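S.K.: Here it is: the structure, laid out below.
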Amino acid sequence: MSATKGSLTYARFFVRGDAPEVQPERALRAVRLHAFRPLVPDEDAKESVGWCRFGEAFDLEPEHDDVFVDEFVNLGLRIDRWAIPGALLRARLREREVELLAQKGRERLTRVEKKELKEQVSRSLRHELPPRTRAVDVSWAPASGVVRLFTQAAGPAAALGELFKRTFKVELVAEAPYTLAARLGMSAAREAAWAAAEPTTLAEEAR
């Protein structure tokens with residue numbers, strides 16, 4: 001999801017600990033080292049995650065001015081995943097199974113043979129179908145330690161946390177009432193009260 005198109009929806013994260021000093025040249029090298037790499041049909045990987053240019057899913061070589069804008073570090077998070085339709089996979093698998101049984105002169109395949117055949121058919125279909133591509137914009141303000149991911153979906157959020165840590169060597173914490181309050185500072189009494197709090201249902205069950 002692009003931050004420059006459509007409705008503006010985002011999730012906030014905080015860098016754990018003190019805000020790091022970002023050196024543009026070093027940071028750009030790290031971004032390029034962890035740039036998105038396209039999936040290869042004959043390899044085992046079913047998903048690929050990496051950086052791309054902010055707002056441009058297919059630009060995998062962002063330049064300095066693309067990434068560093070005023071006090072912000074702007075990037076795109078691209079996630080590609082093989083997503084073969086189940087009906088197509090089953091139909092092609094059955095077709096190949098019939099052919100293989102005829103070649104072997106048998107009525108059924110072993111469990112191992114079925115597993116190997118499924119992998120062969122899956123790899124073959126990957127050559128015919130493109131992977132499903134998703135790109136989400138990310139904006140980081142290093143001075144405040146705030147990172148905005150322009151979606152609230154759980155999948156991209158998890159991918160962002162892992163990729164951000166590998167790239168910038170810092171850990172992200174998702175914003176929530178407690179994490180926000182802790183970041184802004186709480187007294188010992190408030191921390192104790194928060195720890196003792198229990199979930200409360202505000203709606204009555206229909207009778």
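Where a number appears in this text, it was derived from the coordinates with a stated rule and is not lab data. What you are looking at is a predicted structure, and each value in this text was computed from that prediction instead of being measured. Cβ sites come from the backbone with ideal geometry, for glycine too, and all protein chains shown count toward neighbours.
S.K.: Determine the shape class of the stretch 1-130: with a ≥ b ≥ c the square roots of the Cα gyration tensor eigenvalues, call it rounded for a/c under 1.5, and otherwise prolate if a/b is greater than b/c, oblate otherwise.
M.R.: prolate
S.K.: At 0.36 nm per residue, and after removing the present C-alpha to C-alpha distance, how many nm does the segment from residue 44 to residue 56 gain when stretched out fully?
M.R.: Length gained between residue 44 and residue 56: 1.7 nm.
S.K.: Okay, moving on. Find, among the GluC sites (Glu not before Pro) in the stretch 96-181, those assigned to loop by DSSP (not H, G, I, E, B) with at most 10 other beta-carbon atoms within 10 angstrom.
M.R.: In loop regions of the stretch 96-181 (DSSP not H, G, I, E or B), the sparsely surrounded GluC sites (Glu not before Pro) are 107.
S.K.: What's the magnitude of the charge dipole for the stretch 55-98 around its Cα centre, counting Lys and Arg as +1 and Asp and Glu as -1 at the beta-carbon? Answer in Debye, nearest 20.
M.R.: Roughly 940 debye, rounded to the nearest 20.
S.K.: So between residue 83 and residue 169, what do we pick up on full extension, going 0.36 nm a residue minus the alpha carbon distance?
M.R.: 27.9 nm
S.K.: Just for the Cα atoms in the stretch 86-128, what are the lengths along the principal axes, largest first, rounded to whole Å?
M.R.: Between the extreme Cα coordinates on each principal axis of the stretch 86-128 lie 29, 17, 16 Å.
S.K.: Report the charge-dipole magnitude of the stretch 86-128 in Debye, nearest 20, computed about the Cα centre from +1 at each Lys and Arg Cβ and -1 at each Asp and Glu Cβ.
M.R.: Dipole size: approximately 160 debye.
S.K.: May I pose another question? At most 15 other Cβ atoms within 10 Å and a DSSP loop assignment: could you name the trypsin sites (Lys or Arg not before Pro) in the stretch 83-165 that fit?
M.R.: 106, 108
S.K.: Using θ = phi - 60° and the Karplus relation 6.51 cos²θ - 1.76 cosθ + 1.60, list the HN-Hα couplings for the stretch 162-167 in order, rounded to whole Hz, with x at every Gly or Pro.
M.R.: Those phi angles translate into 5, 5, 5, 5, 5, 7 Hz.
S.K.: Let me check I've understood the local charge: for residue 164, count other residues with C-beta under 13 angstrom from its C-beta, Lys and Arg +1, Asp and Glu -1. What total comes out?
M.R.: +3
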